[in-house]
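See below for the structure under consideration.
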């Protein structure tokens with residue numbers, strides 16, 4: 001019976017990891033949804049600006065307004081590329097978290113089966129793989145976080161350039 005109790009105690013660590021991953025995955029899924037929503041907003045804005053530019057007459061195509069629209073399209077292209085990079089980082093972090101959950105589920109299963117066969121080494125390997133995968137998820141999340149202000153900074157630089165061009 002003491003062996004069963006020690007196995008149950010060993011099962012607690014993977015369960016705690018699974019719970020932690022669940023919370024992180026929830027936060028990352030929400031972050032991904034927000035980033036995707038923002039990307040769609042940029043894409044719609046780009047489409048609208050492109051449609052506006054294409055409706056201009058040939059004379060208007062060389063106007064300051066047309067040049068402003070072309071510059072805006074360039075800024076939107078850059079923002080879309082950057083925000084999609086961030087979305088990929090978050091998606092990969094979520095994938096790592098799901099791998100961590102899978103590893104910890106296998107770890108729990110192997111710990112339970114270790115009462116019947118010597119599977120403690122395999123259980124430890126699964127737990128370690130899960131920890132490494134979780135570390136990868138946290139690292140990807142931190143990288144994405146460092147890029148979170150990029151769209152605002154790009155927008156600010158673009159606006160600053162346009163206001164600097166205004167006659168005083």
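Here are a few things to note about the model shown:
- Scope the stretch 93-105; condition surrounded by fewer than 18 Cβ atoms within 10 Å (Cβ to Cβ) and closer than 10 Å to residue 140 by Cβ; matching residues: 95
- Among the criteria (1) surrounded by fewer than 20 Cβ atoms within 10 Å (Cβ to Cβ); (2) part of a helix (DSSP H, G or I), the one residue 116 does not fulfil is (2).
- Any hit, the stretch 73-91, residues being surrounded by fewer than 18 Cβ atoms within 10 Å (Cβ to Cβ), modelled with pLDDT of 90 or more and closer than 20 Å to residue 17 by Cα: yes
- Counted residues, the stretch 107-141 - those being at pLDDT 95 or above and over 14 Å from residue 25 (Cβ atoms): 4
- Among residues of the stretch 41-52 that are within 20 Å of residue 65 (Cβ to Cβ), those with a Cβ under 8 angstrom from a residue that is loosely packed, with under 13 Cβ neighbours inside 10 Å, sequence gap 6+ or separate chain, pair up as 46/77.
- For the stretch 10-40, a residue qualifies if it is surrounded by 13 or more Cβ atoms within 10 Å (Cβ to Cβ) and free of Cβ contacts under 8 Å to residues at least 12 places away in the same chain, and exactly one does: 27.
- Selection within the stretch 56-106 - under 27 Å from residue 25 (Cβ atoms), touching a helix residue (DSSP H, G or I) at 6+ places or on another chain (Cβ under 7 Å) and without any contact (Cβ under 8 Å) to a residue 40 or more places away in the chain: 99, 103, 106
- Per the listing 20, 27, 66, the residue uniquely in a helix (DSSP H, G or I), modelled with pLDDT of 85 or more and more than 30 Å from residue 114 (Cα to Cα) is 27.
The values are calculated or read from the model by the stated rules, or taken from the named source; none is laboratory data. Quantities reported herein were computed from a predicted structural model and do not represent experimental measurements. Using ideal geometry, Cβ is built from the backbone for each residue, glycine included, and neighbour counts are taken over all protein chains shown.
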